[in-house]
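Encoded as structure tokens, the structure appears first; notes follow it.
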Protein chains: 2
Amino acid sequence: MNVTTEQLFTEARTHNGFRAEPIPDATLRELYDLMKWGPTSANCSPARIVFVRTREAKERLLAGMSPGNVQKTREAPVTAVIGMDLAFPDKLPFLFPHADARAWFAGNEPLVEATAFRNSSLQAGYFIVAARALGLDCGPMSGFDPAIVDAAFWAGTRIRTNLVCNLGHGDPSKLFGRSPRLPFDEACRIE
Amino acid sequence: MNVTTEQLFTEARTHNGFRAEPIPDATLRELYDLMKWGPTSANCSPARIVFVRTREAKERLLAGMSPGNVQKTREAPVTAVIGMDLAFPDKLPFLFPHADARAWFAGNEPLVEATAFRNSSLQAGYFIVAARALGLDCGPMSGFDPAIVDAAFWAGTRIRTNLVCNLGHGDPSKLFGRSPRLPFDEACRIE
């Protein structure tokens, strides 16, 4: 599928308001079927996603969002709760069949947590770019109460919410002015 | 610039061998100028990158790489050491001028660390996709000794290495078979 780097990066914006236009299931599946191919350490793929769409599920989510994130999350036709599964090693025999990768993590909870956090965040980056590739606008957020959101969507599992991302067709009238980025020489060097 | 989702996701592979063909400075700057636009929390943009290219800098890096990552890192024309700056709040008055975002982090080191880790990992995801958009192949790695790599590249700063990524033109003869991904219904649900 053809896309442009303008659509993915240079002209894409974080949206704060969304039109009511719904997102079909097929688009959410297409989004996962792109982002899932992004690389993770030992293919561990720890991200787990709830696409929150019904009014009832939205209300459970809104109870945990920071006040400044409530209205836009209510408006977005879909909000993705992106979690990290601390039980990811159990899927490694399927995901990384070449080696006993599950053994690398056994009894090493700090390594499990760092690997889940780093790689589910990488996958959230792929998710955002893939959504834009499909013509969706994103509004990623870390302003929420993890205890409330975890209880609402991941009860009885070892999944913890990493970030939350509104999805839809943005309302350009609600965009903020674009913030600057660090120049190359402040963020990078070549050695 | 036109790209395809095949190039970014569905046909892109993690490379384990690289051709000698060098990468010009202009391409590394172009890569940063794409990935820098990816969204981060309060635009905090904590990723810092050393593009390691000279033999001398490569040797310092190789001293910290896990044995299985040494040969491919030696071969790659450029290896990016992607760090997270725990001093990122000091740049918030420039990056997020609308509010006193620096104050949100003052005295809250766990929040600083989680924000730097999550957002520099998101940026690493943007980095990988942006590199592929420019026709480069990537080989991201977390197998290294952080103490050695940090001392080699970030001495005297609050930057810590998050991951390391080979860049170049991959050698398809050294690809492994592609590993499977979790099906939608195992990683996602719609509520």
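Going through (1) more than 11 Å from every other protein chain (Cβ to nearest Cβ); (2) open to solvent by 40 Å² or more (accessible area, probe 1.4 Å) one by one, residue A:70 falls short only on (2).
Within region B:90-97, is even one residue more than 8 Å from chain A (Cβ to nearest Cβ) and out of contact with any Cys (no Cβ under 7 Å at 6 or more places or on another chain)? The answer is yes, given that some residue of region B:90-97 is more than 8 Å from chain A (Cβ to nearest Cβ) and out of contact with any Cys (no Cβ under 7 Å at 6 or more places or on another chain).
Taken across region A:42-55, residues that are of a type in the set (Gly, Ala, Ser), in contact with a helix residue (DSSP H, G or I) (Cβ under 8 Å, 6 or more places away or on another chain) and assigned to a helix (DSSP H, G or I) do occur, with at least one present. Note on region A:58-71: residues that are over 12 Å from residue A:146 (Cβ atoms) and not in a helix (DSSP H, G or I) total 1. Within region B:42-65, the set of residues being touching a strand residue (DSSP E or B) at 6+ places or on another chain (Cβ under 6 Å) and open to solvent by 30 Å² or more (accessible area, probe 1.4 Å) comprises B:53 only.
Among residues belonging to region A:111-129 that are among the hydrophobic types (A, V, I, L, M, F, W, C) and closer than 24 Å to residue A:12 by Cα, point out the one that is farthest from the other protein chains (Cβ to nearest Cβ). Checked region A:111-129; the qualifying residue farthest from the other protein chains (Cβ to nearest Cβ) is A:127. Taking the criterion of being open to solvent by less than 10 Å² (accessible area, probe 1.4 Å) and part of a helix (DSSP H, G or I), the residues of region A:1-41 that qualify are A:5, A:8, A:9, A:28, A:31, A:35. Note on region B:130-146: residues that are aliphatic (A, V, I, L, M) and more than 7 Å from chain A (Cβ to nearest Cβ) total 4. Looking at residue B:1, is it over 17 Å from residue B:170 (Cα atoms), in contact with a Ser or Thr (Cβ under 6 Å, 6 or more places away or on another chain) and more than 11 Å from chain A (Cβ to nearest Cβ)? It is false that residue B:1 is over 17 Å from residue B:170 (Cα atoms), in contact with a Ser or Thr (Cβ under 6 Å, 6 or more places away or on another chain) and more than 11 Å from chain A (Cβ to nearest Cβ). Taking region A:80-191 and the helices (runs of 4 or more DSSP H) fully enclosed by it, the elements with 3 or more residues that are open to solvent by 40 Å² or more (accessible area, probe 1.4 Å) are at A:101-105, A:109-133, A:146-153.
Please work out if residue B:74 is assigned to a helix (DSSP H, G or I) and more than 14 Å from residue B:165 (Cα to Cα). In short, no. A single member of A:111, A:134, A:95 is within 17 Å of the chain's Cα centre (by Cα) and of a type outside the set (Lys, Arg), and it is A:134.
For region A:11-36, a residue qualifies if it is of a type in the set (Ser, Thr, Tyr) and within 8 Å of chain B (Cβ to nearest Cβ), and the qualifying residues are A:14, A:32.
The values are calculated or read from the model by the stated rules, or taken from the named source; none is laboratory data. What you are looking at is a predicted structure, and each value in this text was computed from that prediction instead of being measured. Because the Cβ atoms are built from the backbone with ideal geometry, glycine has one as well, and the counts that use them run over all protein chains shown. Heads up: the accessible areas ignore ligands, DNA and RNA and are worked out on the full protein's heavy atoms, side chains in. Shrake-Rupley method; radii C 1.70, N 1.55, O 1.52, S 1.80 Å.
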